[in-house]
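Trainee: Please find one structure pasted underneath; my questions will follow.
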There are 2 protein chains.
Amino acid sequence: MQDEQVIIDGLQYVNWDRKLFEKTRDSGINAVHVTIAYWENFREVIANITHWHRHFENNADLIMHVRSAEDVLEAKRTNRLGIIFGFQNCSPIEDDLALVQVLHELGVRIMQLSYNNQSLLATGCYEENDPGITRFGKQVIREMNRVGMVIDMSHSAEQSTLEAIELSERPIAITHANPSFFHSALRNKSNDVLKALGESGGILGFSMYPFHLKNGSDCSLEEFCQMIAKTAEIVGVDQVAIGSDLCEQWGYETLEWMRSGRWTFAADYGEGTAANKAWPKQPHWFKDASDINNIASGLAAIGMNSEEVNKVMGGNWLNFFDHSFEAKS
Amino acid sequence: MQDEQVIIDGLQYVNWDRKLFEKTRDSGINAVHVTIAYWENFREVIANITHWHRHFENNADLIMHVRSAEDVLEAKRTNRLGIIFGFQNCSPIEDDLALVQVLHELGVRIMQLSYNNQSLLATGCYEENDPGITRFGKQVIREMNRVGMVIDMSHSAEQSTLEAIELSERPIAITHANPSFFHSALRNKSNDVLKALGESGGILGFSMYPFHLKNGSDCSLEEFCQMIAKTAEIVGVDQVAIGSDLCEQWGYETLEWMRSGRWTFAADYGEGTAANKAWPKQPHWFKDASDINNIASGLAAIGMNSEEVNKVMGGNWLNFFDHSFEAKS
């Protein structure tokens, strides 16, 4: 499966409609991990899933629900965009261990253990202190390992991330973040995390969300690609991928929901500030999904061979999914 | 109000029926803080509240809903048992800060920030590490202070408890626990916590749940009363009270729910062990609520004067409630 040439985006949060499905499919992307929960509880995430069921019905010529690595290849064969369900938080399982299997059966394949704040499972990257994985968190990691749901620590804090890597019997993902050595941000990852991730067979998707980039929206394609090459030296070239964190067609209210959920009455500006609170401007070389091939060109331009470029663009995700999305036999 | 002679039990979790209402009322107890949530979410706790609405309708001659200190006196005047709603966990507010006011309007007056495990607000006493109050927790403390809902840290861990005392602008309660100096248990409280609690005007309810007692079920009344006297020296005689933690008329399934909730498939034995997992036997001098006056006699027997005994038996709770249950004017 590693030899298949596919393009996979490890994280997008866009306001999907038929036009966007078409644009993304036409970009050459074969599958995308879409966010279907930030703060939603179980019942609310079921509503989001049923919303996707309507999308699948109404756009069957353009998209399909991806539950396995094989499904990504099926999406490619039928010239459709594969949709992988994922949560940026564990709120949909509420306090109920049994909901992991329920949501896996409904097609959810990736779940973050915490989103910025402390969750019932792990600590978020904006908390002051990080005690690591909780009692409930240890149970959930075991259950996710059992059913085949990927642990994602993109928005989690350092100690929790290191413990998740250690506790999980299956490799974990950081679907969308960059190394701290490239740009220091609470959301980016230390070399310690990168090393532990790589050694455990985990995978990192590089983000093009400006707050994660050196020089923000002005980061150059070359700088971005050099960061990928340098990170590959730390975690291994089979362990790096793209998780664009592309956000598109949303109003400010959606950003407020992502940042403040229901946990505060005051405004929380997340990675922004009061003076700079809006959605950031994308880098000119990745305005949206239709620019995805600029990354491949950029990687080639800095000297990566085509085999390596294919790995970063999707081969590594495909291989990772192949070992992650089902119960171990 | 401090001169009123009342008996208040700061925590019971019993399977109420008309016979128990009558027995408890006849014991001389004027008001009891009843637990209406361990792991329940918002919708589930609403069901518990409506269950109490039926109790109030069907037993209006025996019980009444207490929302204020004044209501305790009204219960005494009308020879009824006052019922104070409280949660042993923050699960009913889910991730929604706005639910604090909603639940206060429905009569909830006391909420623990965590129950044994890590919650979205604070750490429980059975977690390995305790990072203190979370970002969401800080918002909730402010909101509970605003509307007049008492912060209870009975099942919380040390650092979280110290921070809650520090962050809260109003005194907090530990409704049911004992000092660690009396019996070392994860649920009991260190002298540091006791001192901080006392200095801040908080209050401690002493527990007669055998796992919190020296020698368990064999703890003597005198030992229990000496512990109260010694603790009063640390926190102040105006800051000690009774929170019996009486559990009655429940099957083992209820204990399993309290211990394991929905967060583990395995058995969790809480304060018990696999070999000793059942409900513990009550001390012979406090088999149930009808023995409540044994405490008063025991306190007198070790030399407390009647004014002090009245404070411990209910006067301190009444005074605390008088400053805690309503929005500050």
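Values in this text are rule-based calculations from the coordinates and carry no lab data. Remember, it's a predicted structure, so these values are computed and weren't measured experimentally. Glycine also receives a Cβ, built like all others from the backbone with ideal geometry; neighbour counts cover every protein chain displayed.
Trainee: For B:Val14, enumerate residues with amide H under 5 Å from its amide H, sequence gap 5+ or separate chain, H modeled in the peptide plane.
Mentor: Long-range HN contacts for B:Val14: B:Thr35, B:Glu248.
Trainee: Let me ask something additional. Take every residue in peptide A:118-127, count the Cβ atoms of other chains within 10 Å of its Cβ, and give the average of those counts.
Mentor: Going residue by residue through A:118-127 and averaging, the value is 4.
Trainee: Rank the residues B:Phe136, A:Phe321, A:Phe265, B:Phe181 as a footprinting-exposure proxy: fewest other Cβ atoms within 10 Å of their Cβ go first.
Mentor: A:Phe265, B:Phe181, B:Phe136, A:Phe321
Trainee: Out of segment A:184-230, which chymotrypsin sites (Phe, Trp or Tyr not before Pro) are coil in DSSP terms and have no more than 10 other C-beta atoms within 10 Å?
Mentor: Within segment A:184-230, no chymotrypsin sites (Phe, Trp or Tyr not before Pro) qualify (loop, at most 10 other Cβ atoms within 10 Å).
Trainee: Arranged by the count of other C-beta atoms within 10 angstrom, fewest first, what order do A:Val147, B:Val140 take?
Mentor: Neighbour counts put them in this order, fewest first: A:Val147, B:Val140.
Trainee: Sort A:His212, B:His183 so that the residue with the fewest other Cβ atoms within 10 Å of its own Cβ comes first and the one with the most comes last.
Mentor: Lowest count first: B:His183, A:His212.
Trainee: Moving on to the next point. Under 5 Å between amide H atoms, partner at least 5 residues away or on a different chain: which partners does A:Val240 have, H built in plane at 1.01 Å?
Mentor: HN-HN under 5 Å from A:Val240: A:Leu204.
Trainee: Then there is this: Please report the relative contact order for segment A:8-322, taking Cα pairs under 8 Å with a sequence separation of at least 6, and give it as a percent rounded to a whole number.
Mentor: Relative CO of segment A:8-322 lands at 18 percent.
Trainee: Going through segment B:59-108, which GluC sites (Glu not before Pro) have at most 13 other Cβ atoms within 10 Å and a DSSP loop state?
Mentor: none
Trainee: If you count, for every residue in A:262-269, the Cβ atoms of partner chains within 10 Å of its Cβ, what is the mean?
Mentor: Counting Cβ atoms of other protein chains within 10 Å of each residue's Cβ and averaging gives 5.
Trainee: Shielding of B:87-95 by partners, i.e. mean partner chain Cβ atoms within 10 Å per residue?
Mentor: Per residue, the number of nearby Cβ atoms from other chains is 3 on average.
Trainee: Now for a separate question. Return the long-range amide H neighbours of B:Gln118 (sequence gap of 5 or more, or a different chain), with a cut-off of under 5 Å between placed amide H atoms.
Mentor: Correct list: A:Arg135, A:Phe136, B:Gly124.
Trainee: At 7 angstrom along the Cα-to-beta-carbon line, where would the label on A:Asn293 sit relative to the other copies? Give the distances in nm, shortest first.
Mentor: 9.1
Trainee: State whether the protein assembly as shown is rounded, prolate or oblate according to the following rule on the C-alpha gyration tensor (a ≥ b ≥ c being the square roots of its eigenvalues): a/c under 1.5 gives rounded; otherwise a/b larger than b/c gives prolate, and the remaining case gives oblate.
Mentor: prolate
Trainee: Can you classify segment A:8-322 as rounded, prolate or oblate using the Cα gyration tensor, where a ≥ b ≥ c are the square roots of its eigenvalues, rounded means a/c under 1.5, and otherwise it's prolate if a/b beats b/c and oblate if not?
Mentor: rounded
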